[in-house]
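I'd like to ask you about the structure that follows.
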Amino acid sequence: MYQCLVCGFSFLEEEPYDEGYTGSFEICGCCGFQYGYDDYDRLEIDYEVLSEEEAIKLSHKMYREEWRQQSFPVFDPSLFNKQDLLNGCLPELHMNEHFKNRGLL
Ligand SMILES: [Zn+2]
């Protein structure tokens, strides 16, 4: 399994990108980010100016912030224990620790 570059959980069955930054089109079961779609389809990002690496990293950061603002809803709640979720969302306290441990803050 591969780690999601947005949420930091390892539920991905495929590598998110190939060497040319083409996305796998897999949807992360945790945060719901779709590689190859949610990274290359943002109106706020100027894809002409940034390199592909810079653009996808920015898209990950933006998606992570939006996910945080929605209180971390889980795309596929069956991946987690019911006790770990609050109404289908991951608890903020837990997530801050999780992001810090993975250098995603
Ligand atoms: Zn994810």
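Any idea which of (1) touching a residue at least 40 places away in the same chain (Cβ under 8 Å); (2) crowded, with 18+ Cβ neighbours inside 10 Å; (3) more than 10 Å from the ligand (Cβ to nearest atom) is the one C28 doesn't satisfy?
So C28 meets the others, but not (3).
So how many residues does the stretch 15-36 have that are more than 20 Å from R68 (Cβ to Cβ) and aromatic (F, W, Y)?
Of the residues in the stretch 15-36, 3 are more than 20 Å from R68 (Cβ to Cβ) and aromatic (F, W, Y).
So in the stretch 67-91, with the set limited to residues that are part of a helix (DSSP H, G or I) and surrounded by 12 or more Cβ atoms within 10 Å (Cβ to Cβ), which one is farthest from the chain's Cα centre (by Cα)?
Checking each candidate, the answer is D84.
Still on this structure, please answer the following. More than 12 Å from the chain's Cα centre (by Cα), away from the ligand (no atom under 16 Å from the Cβ), farther than 26 Å from N96 by Cβ and of a type outside the set (D, E): is that true of S51 in this structure?
yes
Ok, one more. Looking for whichever is surrounded by fewer than 14 Cβ atoms within 10 Å (Cβ to Cβ), over 20 Å from M95 (Cα atoms) and touching an Asp or Glu at 6+ places or on another chain (Cβ under 7 Å) here; the options are E44, E54, E13, E48. Which one fits?
E13
Report, by residue number, each residue of the stretch 1-18 that is touching a strand residue (DSSP E or B) at 6+ places or on another chain (Cβ under 9 Å) and near the ligand (Cβ under 8 Å from one of its atoms).
Listed by number, the residues that qualify are C4, L5, F11, L12.
Rule-based calculations on the coordinates, nothing more; no lab input. All figures in this text were calculated on a predicted structure; none of them were measured in a lab. Cβ atoms come from the backbone with ideal geometry, glycine included; neighbour counts cover every protein chain shown.
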